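The values are calculated or read from the model by the stated rules, or taken from the named source; none is laboratory data. All figures in this text were calculated on a predicted structure; none of them were measured in a lab. A quick note on method: Cβ atoms are made from the backbone with ideal geometry, for glycine too, and the neighbour counts reach across all protein chains shown. Accessible surface is based on the protein model in full, side chains and every heavy atom, while ligands, DNA and RNA are left aside. Shrake-Rupley method; radii C 1.70, N 1.55, O 1.52, S 1.80 Å.
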Amino acid sequence: MELKTINLTKQFGNFTAVDHLNLSMTGGVYGLLGINGAGKTTLMRMLCTLLSPTKGTITFNGEDIFRMGADYRKILGYLPQDFGFYPEFTVKEYLLYIASLKGIRPAVAKKRVKDLIDGVGLAKNADKKMKKLSGGMKRRAGIAQAMLNDPKILILDEPTAGLDPNERIRFRNLISELSENRMVLLSTHIVSDVEYIAGKIWLMKDGKLLHQGTSQELIASMGDRVWKCFVSREQVPEMLKTCRVANIKAEARGAELRVIAREQPFPDAVEEEAGLEDVFLYYFGERGGEENAAL
């Protein structure tokens, strides 16, 4: 089982949103990491056949997905960043309705909906109207609708956007559980969403692939190292101008900085173990942590 893009390109007039991407997925969780505007959603929409590429192809097991048509969509589950629902429907009614749109037989749909409601942790809210659900519960309902046809390919676009940290952790655990015997592509600008559950991570910027690999491979790819140093408060503005500062912690007599630099920035700076958050700052020039989830 392989989903593959070959020189995949999408242009809107003179703007190139996706630029000659060559990616390959087999099984497990894949993370697509990049800042907003990197082209992630455009790529996702092409993988779901909602947009046609300007150039290049997408194949599943060697066959063009646009030629496969309905046969491809039968094995596909998709959770867009903003998914629509009827607010007056209960969770159960919503999922049964989506199941009917997907052509799932009523008897099969009824059992499938019950199993999924239990699986995503919405059993106590099955008869609650969609408009009454929290953001996290709505996302769980969204995952359930994407899983109705038991897809081989599950595509999730910014699935944790707007969720609080606890809901984000629950959601990541659910995604990890659902990845067995299928391929999951998770697009995000939040580093922690993919750091621990993605077997392979793609870094995307301006429609292009910057780097790819496991978390450890990406960390090893940085040309710079991570340092911890203490500076006076007066030195902080200058440090922000001249260095890549990953974190600032205020102290009574100054500030503790986490700095990404090739050489030791201060004589007393101590080298720290790098993480994927540092990789994000190194390649994109900004932070990608949970505190930026609403950006």
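Could you please give the count of residues in segment 88-118 that are in contact (Cβ under 8 Å) with a residue 40 or more places away in the chain and over 25 Å from Ala70 (Cα atoms)?
Residues flagged as in contact (Cβ under 8 Å) with a residue 40 or more places away in the chain and over 25 Å from Ala70 (Cα atoms) within segment 88-118 amount to 4.
Looking at Gly135, is it under 26 Å from Glu88 (Cβ atoms) and either of a type in the set (Asp, Glu) or free of Cβ contacts under 8 Å to residues at least 40 places away in the same chain (or both)?
In short, yes.
Which residues, taken from segment 48-63, are in contact with a strand residue (DSSP E or B) (Cβ under 6 Å, 6 or more places away or on another chain) and either open to solvent by 60 Å² or more (accessible area, probe 1.4 Å) or under 26 Å from Asn173 (Cβ atoms) (or both)? Walk me through how you get there before you give the answer.
Initially, segment 48-63 is screened for residues in contact with a strand residue (DSSP E or B) (Cβ under 6 Å, 6 or more places away or on another chain), giving 48, 53-60.
Residues satisfying the conditions are Cys48, Thr54, Lys55.
In segment 275-285, what residues are in contact with a helix residue (DSSP H, G or I) (Cβ under 8 Å, 6 or more places away or on another chain) and in a loop (DSSP other than H, G, I, E, B)? It would help to see each step written out before you state the result.
First, pick out the residues of segment 275-285 that are in contact with a helix residue (DSSP H, G or I) (Cβ under 8 Å, 6 or more places away or on another chain): 275-280.
Of everything in segment 275-285, just one residue is in contact with a helix residue (DSSP H, G or I) (Cβ under 8 Å, 6 or more places away or on another chain) and in a loop (DSSP other than H, G, I, E, B), namely Gly275.
Among the residues of segment 250-274 satisfying the criterion of being closer than 24 Å to Val194 by Cα and in a loop (DSSP other than H, G, I, E, B), which is least open to solvent (accessible area, probe 1.4 Å)?
Of everything passing the filter in segment 250-274, Ala274 is least open to solvent (accessible area, probe 1.4 Å).
When only residues in segment 119-129 that are without any contact (Cβ under 8 Å) to a residue 40 or more places away in the chain and among the basic types (Lys, Arg) count, which is surrounded by the fewest Cβ atoms within 10 Å (Cβ to Cβ)?
It comes out as Lys124.
For (1) open to solvent by 60 Å² or more (accessible area, probe 1.4 Å); (2) touching a Leu at 6+ places or on another chain (Cβ under 7 Å), each residue gets a yes or a no:
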residue: Arg67; (1), (2): yes, no
residue: Tyr72; (1), (2): no, no
residue: Leu79; (1), (2): no, yes
residue: Lys114; (1), (2): yes, no
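Which of the helices (runs of 4 or more DSSP H) contained wholly in segment 1-103 include at least 1 residues that are acidic (Asp, Glu)?
Hits in segment 1-103: 70-73, 91-101.
Within the set of pairs 6 or more residues apart or between chains, which connect a residue that is at negative phi inside segment 74-86 to a residue that is at pLDDT below 80 with Cβ atoms less than 7 Å apart?
Between residues of segment 74-86 that are at negative phi and residues that are at pLDDT below 80, the close pairs are Gln81/Ala161.
Suppose we filter segment 233-249 for residues that are over 29 Å from the mean Cα position of the chain (by Cα) and open to solvent by less than 80 Å² (accessible area, probe 1.4 Å); how many remain?
Of the residues in segment 233-249, 4 are over 29 Å from the mean Cα position of the chain (by Cα) and open to solvent by less than 80 Å² (accessible area, probe 1.4 Å).
Residues in segment 155-173: is at least one of a type outside the set (A, V, I, L, M), over 25 Å from Ile190 (Cβ atoms) and open to solvent by 40 Å² or more (accessible area, probe 1.4 Å)? Spell out how you get there, then give the answer.
So in segment 155-173, the residues of a type outside the set (A, V, I, L, M) come out as 157-160, 162, 164-168, 170-173.
Checking which are over 25 Å from Ile190 (Cβ atoms) leaves us with none.
The answer is no, given that none of the residues of segment 155-173 is of a type outside the set (A, V, I, L, M), over 25 Å from Ile190 (Cβ atoms) and open to solvent by 40 Å² or more (accessible area, probe 1.4 Å).
Starting from segment 230-248, keep only residues that are within 12 Å of Ala261 (Cα to Cα), then list their pairs with residues that are open to solvent by less than 40 Å² (accessible area, probe 1.4 Å) and acidic (Asp, Glu) whose Cβ atoms are within a distance under 9 Å, requiring at least 6 positions of separation or different chains.
Arg244/Asp224; Arg244/Asp278; Ala246/Asp278
Is it the case that segment 195-205 has a residue that's among the basic types (Lys, Arg), open to solvent by 10 Å² or more (accessible area, probe 1.4 Å) and closer than 30 Å to Ser134 by Cβ?
no
Mind listing whichever residues of segment 113-128 are touching a helix residue (DSSP H, G or I) at 6+ places or on another chain (Cβ under 7 Å) and in a helix (DSSP H, G or I)?
Val113, Leu116, Ile117, Ala123, Asn125
Could you grab the pairs with beta carbons closer than 9 Å, sequence gap of 6+ or different chains, first residue in segment 209-226 and without any contact (Cβ under 8 Å) to a residue 60 or more places away in the chain and within 9 Å of Ala274 (Cα to Cα), second one among the basic types (Lys, Arg) and surrounded by fewer than 17 Cβ atoms within 10 Å (Cβ to Cβ)?
Here the result reads Arg225/Arg262, each pair linking segment 209-226 to a residue that is among the basic types (Lys, Arg) and surrounded by fewer than 17 Cβ atoms within 10 Å (Cβ to Cβ).
Determine, yes or no, whether Leu178 is within 13 Å of the chain's Cα centre (by Cα) and not basic (Lys, Arg).
Numbers: within 13 Å of the chain's Cα centre (by Cα): no; not basic (Lys, Arg): yes.
Answer is no for this residue.
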